[in-house]
1. Go through (1) under 20 Å from residue B:264 (Cβ atoms); (2) in contact with a helix residue (DSSP H, G or I) (Cβ under 7 Å, 6 or more places away or on another chain); (3) surrounded by 19 or more Cβ atoms within 10 Å (Cβ to Cβ) and name the single condition residue B:198 misses.
2. Taking segment A:167-210 only, how many residues are part of a helix (DSSP H, G or I) and either in contact (Cβ under 8 Å) with a residue 60 or more places away in the chain or over 21 Å from the mean Cα position of the chain (by Cα) (or both)?
3. If the requirement is being crowded, with 20+ Cβ neighbours inside 10 Å and more than 23 Å from residue A:94 (Cβ to Cβ), which of these qualifies: B:60, B:68?
4. Among the residues of segment A:228-247, are any modelled with pLDDT under 95, buried (at least 16 other Cβ atoms within 10 Å of the Cβ) and in contact with a Lys or Arg (Cβ under 9 Å, 6 or more places away or on another chain)?
5. Out of A:142, A:222, which single residue is among the hydroxyl-bearing types (Ser, Thr, Tyr), in contact with a strand residue (DSSP E or B) (Cβ under 9 Å, 6 or more places away or on another chain) and farther than 27 Å from residue B:174 by Cα?
6. Within segment A:27-40, identify whether any single residue is in the same structural domain as residue A:89 (by TED's automatic domain parsing), at positive phi and assigned to a loop (DSSP other than H, G, I, E, B), and answer yes or no.
7. Of all residues in segment A:220-253, count the ones that are under 17 Å from residue A:164 (Cβ atoms), part of a loop (DSSP other than H, G, I, E, B) and free of Cβ contacts under 8 Å to residues at least 60 places away in the same chain.
8. Quick check on my filter: what residues within segment A:92-124 are in a loop (DSSP other than H, G, I, E, B), modelled with pLDDT of 85 or more and more than 8 Å from chain B (Cβ to nearest Cβ)?
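The values are calculated or read from the model by the stated rules, or taken from the named source; none is laboratory data. The model shown is predicted, which means the values in this text are computed figures rather than measured ones. Cβ coordinates were reconstructed from backbone atoms using ideal geometry, including for glycine residues, and neighbour counts include every protein chain displayed.
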Protein chains: 2
Amino acid sequence: MTTAALRPVYFLSDSTGITAETLGNTLLTQFPVDNFDRVTIPFITTAEQARSVVRTIDGLAATGPQPLVFSTAVSSEIRQILAGCKGVIVDLIGTHVGVLEQALGAPASGEPGRAHGLGNAARYQSRMAAVEYAMEHDDGQSLRALEKAQVILVAPSRCGKTPTTMYLALQHGIFAANFPLVDEDFQHDGLPKPLRPFVSKCFGLSSNPLRLSQIRTERRPSSPYASLRQCGFELRSAEQLYVSHRIPYLNSATVSVEEMAATILQRMNLKH
Amino acid sequence: MTTAALRPVYFLSDSTGITAETLGNTLLTQFPVDNFDRVTIPFITTAEQARSVVRTIDGLAATGPQPLVFSTAVSSEIRQILAGCKGVIVDLIGTHVGVLEQALGAPASGEPGRAHGLGNAARYQSRMAAVEYAMEHDDGQSLRALEKAQVILVAPSRCGKTPTTMYLALQHGIFAANFPLVDEDFQHDGLPKPLRPFVSKCFGLSSNPLRLSQIRTERRPSSPYASLRQCGFELRSAEQLYVSHRIPYLNSATVSVEEMAATILQRMNLKH
């Protein structure tokens, strides 16, 4: 069996490279091929670094499939150097500058900004404070400060509360707490006592019994906790609780933490 | 004093809207104005939803400054509807599809992908496992599983270990542990015992004494812990430790968690 050479894909940035990766990969998912060899090069901040990257790309272009190059470099000097490479350049910044210059009636500075930098210091501090808050309030560890939460994620064990809480904090600077629902919480119709004053801040997560059972089995194989029966019971009971207290909720089985976070922001009308 | 009307800026997406926000804001930082009223609308997945957004934008365009519209919608149907709005459209996907179609010799599907969706299930699971691992190993809580770590962040208290660890896990799926350096660790020249087998996986964080003192003061005002003298001592000692054990390190005082994570990936040659 012969294998065609992989096509090099470069994600280039004068910052972290995250946006180049994300948007580049979104564009690539539009095509029915995935014979790519992906490389991310962040922090290309000097002309010399840019020229070195161009030499690497030109070397590959000379001997194999033409590399694809997604760039979010902001500096006009760096952009011009990268544009001279022998790859297929997708300039995710430069392409759009002209339209904005016209709309805003001002020339672009051509200086690197820092979308993933400290940026607005107050906003950055509040994101870091939100991470600290999320760590301290994970899994109902500290109930005292629930009043400080902007949202309280409520769910049975292993429905995705913790990573979603972390994502809300890290990405969006939201003060998110979470609260685990356990069997005792289902033995009466009321909301668990610590949540009662804060029902308007609660957002529920559910899952599918099979999916939840799989996830719990990884943690505690063959346990009652991981049984399909127990998972089904907890999820049914949790959803009943959400419905009867008008707590919005979503099923975490087929959505990512990013999607859950975006949905929660939207449904709870949270400003970030 | 009269205030000019704020210019509406819309970040539109058929997914979470994070990429539209990030790239749109990077583009806007190129201009010396910031009189923007930003709105993110995620999950625009039907023609009807797209038409409703267009009506909103057209309404604003009729009465105030022309809205700027950054879109990462992937579906060609949604893109066409949004392109008909009376705002200034910056189509962060559609603009680049043609170049890629030509390079790849295939038509784009026009179907929404999911850059922030579950995507590759195995990769998503490993990110979630990395978050769990990071929670369990925060602040040296569990030393047993350090051997499973891909990287161990080492630093005095409050230099940014925890949020950086979380970001490495959530965004990049890296198994990151962290280990706090305390006074006793500076009383001898050796590395703290639990770290000794893993020195090649260690990455140090430092800070500036003044900055660290400010951060610690928020937590424990007027404490010896927060004093400039103690902060200076810990940071000097930590940096000596890093240097003498050839542990790469960076100063966290002026970089964001995203930048720290990207730097750590690059310097430690971690694959994500």
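1. Among (1) under 20 Å from residue B:264 (Cβ atoms); (2) in contact with a helix residue (DSSP H, G or I) (Cβ under 7 Å, 6 or more places away or on another chain); (3) surrounded by 19 or more Cβ atoms within 10 Å (Cβ to Cβ), residue B:198 violates only (3).
2. 19
3. B:60
4. Checked segment A:228-247: no residue is modelled with pLDDT under 95, buried (at least 16 other Cβ atoms within 10 Å of the Cβ) and in contact with a Lys or Arg (Cβ under 9 Å, 6 or more places away or on another chain).
5. A:142
6. Within segment A:27-40, none of the residues are in the same structural domain as residue A:89 (by TED's automatic domain parsing), at positive phi and assigned to a loop (DSSP other than H, G, I, E, B).
7. So the answer is 1.
8. A:105, A:107 - these are the residues of segment A:92-124 that are in a loop (DSSP other than H, G, I, E, B), modelled with pLDDT of 85 or more and more than 8 Å from chain B (Cβ to nearest Cβ).
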